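Take a look at the structure set out below.
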Amino acid sequence: MLDFEFNPFHDNIVCTGGDDGKVMIWGIPPGGLKETQTDPLVNMSGHQRKINVLRFHPSAEHVVASGGGDNFVKIWDAEKGVDKTSIEDHPAMILDIVWSYDGGICLTSCKDKMVRLVDPRTGATTSSVEAHDGTKTTKLEFLGNLGKFASVGFTRQSKRQLKIWDVKKLSTELAAVDIDQAAGVIMPFYDEDTNILFLAGKGDGNIRYYEIVGEEPHQFFIGEYRHNAPCRGMAILPKRVVNTADCEVDRLLKLTTSSVEPLRFIVPRKSELFQADLFPDCRAAKAAIKADDFFAGKNASPVLMSLDPKKRTDVPAEVVTIAKVKSAADLQKDLDAANARIAELEALLKKNRIAF
């Protein structure tokens with residue numbers, strides 16, 4: 001397994017991509033895993049090489065994008081197990097994929113150093129730019145509904161670099177910040193509610209955070225979290241899991257060599273009242289549109305919810321809503337068994353001299 005992604009609307013559904021080029025959808029039963037699972041709900045074959053990155057759509061249910069070592073980006077209807085769009089404009093391996101705020105466009109980064117703006121329904125590339133001079137991995141992050149995105153990569157001198165871009169004008173970056181000379185790939189995570197961009201580098205013990213603003217210089221360095229344990233991987237949890245009573249604005253999970261550690265980012269406040277300025281309405285675990293609506297051309301902003309304890313209306317996590325989809329091999333096996341049974345019945349009728 002090379003990448004995995006939890007469904008943003010169903011906590012018990014996870015998508016995985018592996019070295020065999022298959023994208024699989026798995027269902028975690030109520031109460032958690034009690035035995036090893038070897039049979040996915042959906043097995044989607046289409047890539048010819050390994051899967052590098054997976055990303056669920058931010059507002060459409062069961063829509064997922066995958067990028068592989070075969071230079072293809074595929075947009076899947078995971079509920080039906082079919083790829084609806086195959087994007088073949090990339091001349092090299094796909095390194096990252098991100099969706100815009102409403103999921104109307106995709107951004108991809110490729111080993112040819114280009115970042116491309118792609119229509120996920122037609123597969124057409126509308127614009128592109130060489131984001132960073134270095135040849136190492138470029139990672140991307142859309143900056144909420146600001147119409148901007150961040151890229152993190154390397155300069156020609158192998159310095160790690162952050163850039164801020166306007167989606168409508170890719171010819172020149174809005175801001176560029178050289179970070180340091182370390183070699184680890186930086187993973188960006190954006191909190192659209194507080195406009196904070198977290199940068200966590202593989203092999204680093206620290207996490208930098210920046211405030212993103214709408215005018216120059218477009219970013220302000222705030223500070224950094226430091227620890228002596230190097231990071232092997234990082235993930236940010238949905239905002240709905242934070243503890244508002246403690247003024248916890250974000251929670252990240254840090255993977256080390258032997259553990260997964262939760263990191264809580266807290267803004268100290270003396271008041272025990274709900275801090276509305278820290279906790280505006282955030283994304284809810286509810287899809288705005290169905291997959292069929294998205295592929296028919298509809299876009300929708302994510303559904304929002306209140307984090308105020310007096311107003312929260314969270315519903316319990318739903319059970320798996322994807323019916324198991326049989327693979328072509330399973331269907332062929334069923335067909336062979338049916339044909340064998342038909343032949344057996346025909347032989348029995350012939351033996352008993354019954355005309356048919």
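No value in this document is a laboratory result; all are computed from the given coordinates. Every value quoted in this text rests on a predicted model; they were computed, and no experiment measured them. Using ideal geometry, Cβ is built from the backbone for each residue, glycine included, and neighbour counts are taken over all protein chains shown.
Quick notes on this structure:
- Qualifying positions in the stretch 15-38 - crowded, with 16+ Cβ neighbours inside 10 Å and of a type in the set (S, T, N, Q): THR16
- Selection from the stretch 54-84 of residues that are touching a residue at least 40 places away in the same chain (Cβ under 8 Å) and on the phi > 0 side of the Ramachandran plot: HIS62, GLY81
- Only one of ALA285, ALA235, ALA291 that is surrounded by fewer than 17 Cβ atoms within 10 Å (Cβ to Cβ) and closer than 30 Å to THR85 by Cα: ALA235
- Number of the exception - GLN275 against (1) out of contact with any Lys or Arg (no Cβ under 7 Å at 6 or more places or on another chain); (2) surrounded by 13 or more Cβ atoms within 10 Å (Cβ to Cβ); (3) in a loop (DSSP other than H, G, I, E, B): (1)
- Test for TRP99: is it among the hydrophobic types (A, V, I, L, M, F, W, C), on the phi < 0 side of the Ramachandran plot and surrounded by 23 or more Cβ atoms within 10 Å (Cβ to Cβ): no
- Matching residues, the stretch 73-98, being closer than 20 Å to THR126 by Cβ and out of contact with any strand residue (DSSP E or B) (no Cβ under 6 Å at 6 or more places or on another chain): GLU88, PRO91
- With respect to being within 23 Å of GLY233 (Cα to Cα), acidic (Asp, Glu) and surrounded by fewer than 17 Cβ atoms within 10 Å (Cβ to Cβ), ASP178 fits the description.
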